[in-house]
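Down below is the structure, laid out as structure tokens.
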Amino acid sequence: MKKTIKEQNAALIILLSNVFIAFLGIGLIIPVMPSFMDIMHLSGKTMGYLVAVFAVAQLLMSPLAGRWVDRYGRKKMIIIGLFLFGISELIFGLGTNVLMLYISRILGGISAAFIMPGVTAYVADITSIQERPRAMGYISAAISTGFIIGPGIGGFIAEYGVRMPFFFAAAVAFLACLSSIFILKEPLTKEQLAEISANTKQTNFISDLKRSLNSLYFIAFIIVFVLAFGLSAYETVFSLFSDHKFGFTPKDIATIITISSIFGVVVQVFMFGKMVDILGEKKLIQLCLITGAILAVASTVISSFLAVLVVTCFIFLAFDLLRPALTTFLSKAAGKEQGFVAGMNSTYTSLGNIVGPAMGGILFDVNIHYPYLFAAVIMVIGLGITVMWQEKQFAERLAE
């Protein structure tokens, strides 16, 4: 019998810290990127490519990383991911030419592909089916909190030099790596890992994608893509939309995003588990998609600061609840294939993160309302897809 969350406190704290540090490191650099662009004489196109290459590296590595999580163990992949993340931040901080920056971003994408499946599979291994929603909610909250706190800390550290946030991010990543080496214990035995690996055929990226079309997983993966697509498109144009339509200052925009993110984290930590118990994953996901679609349309007709704040709070909350609900559903459906499913979860997220910002930017140039209307259409399509969910097959997998 698996231990309760309270009995797994030490491991959970380290795992949540690892995820928090990874996303804190990503958030840390946000305030200094404009200054960094000026110092390095980088164009907006180059910055866009640097964002894209991270997502592409994560996309290509995620299925392989998920496979390695099942073969070599969760702990090893988490430690390697944190080490690579530290190296990538260090290279970016020391970067004197664009090639070094590209190498840094590629390593960063690979590190993200290692960390997330490793942490998700580890949490699934040490929690019961009943407690898993709460644990996945904690992971999602750690991600959101890292994003919230990161820019603020980055802005403060930048007072000591524009490259300092990168060095700080590298330092905390190496610290997390060391703590994981000494505190985390591999949740599965060598025999269990060998059994999982033996039952899994050797595959490549294309065959893994084909395998993800399995009806048990595919609809959830499509919703993962919709979530990443919608959220990244929304976030990409939010500041531009707020500036062009409402004339909001950077401080106004930062205030809205911070309050909305904190609201989402509080609900995730204290209410997500109860909401899953009451509604179940499928109904919660459908509710979030309906809410997201309605509020995306509402974003095009509101005008006051308070209205924008309220709408943004709830649309962020819908996305914040979707992420752990989907992760929980997939971890339950995965059975012994936790690494594969967590890796493909990361793959579909990366696909959404590549396509979403590009589509959002293109549509924004046509009409500032189009990205939100398009996001609403995508979410309605996602809602329609959930109707086809094969719950009977899912229930049979849980009973195995």
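Overview of results
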quantity: Looking only at segment 294-314, and only at residues there that are hydrophobic (A, V, I, L, M, F, W, C) and within 20 Å of the chain's Cα centre (by Cα), the one that is farthest from GLY382 (Cα to Cα); calculated: CYS313
quantity: Residue satisfying all of: in segment 329-378; hydrophobic (A, V, I, L, M, F, W, C) and surrounded by 24 or more Cβ atoms within 10 Å (Cβ to Cβ); farthest from ASP70 (Cα to Cα) among these; calculated: ALA375
quantity: Test: residue in segment 277-296 that is touching a helix residue (DSSP H, G or I) at 6+ places or on another chain (Cβ under 7 Å), at pLDDT below 85 and not assigned by TED's automatic domain parsing to the domain that holds ILE149; calculated: yes
quantity: Flag for PRO165 being touching a residue at least 24 places away in the same chain (Cβ under 8 Å), part of a helix (DSSP H, G or I), over 20 Å from LEU317 (Cα atoms) and of a type outside the set (Lys, Arg); calculated: yes
quantity: Filter result for PRO117 (within 30 Å of MET275 (Cβ to Cβ) and touching a Gly at 6+ places or on another chain (Cβ under 8 Å)); calculated: yes
quantity: Members of segment 68-119 that are of a type in the set (Phe, Trp, Tyr) and either crowded, with 23+ Cβ neighbours inside 10 Å or modelled with pLDDT of 90 or more (or both); calculated: PHE83, PHE85, PHE92, PHE114
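The values are calculated or read from the model by the stated rules, or taken from the named source; none is laboratory data. Note that the structure is predicted; figures quoted are calculated from it, not measured. Quick reminder, even Gly has a Cβ in these numbers, built from the backbone with ideal geometry, and neighbours come from all protein chains shown.
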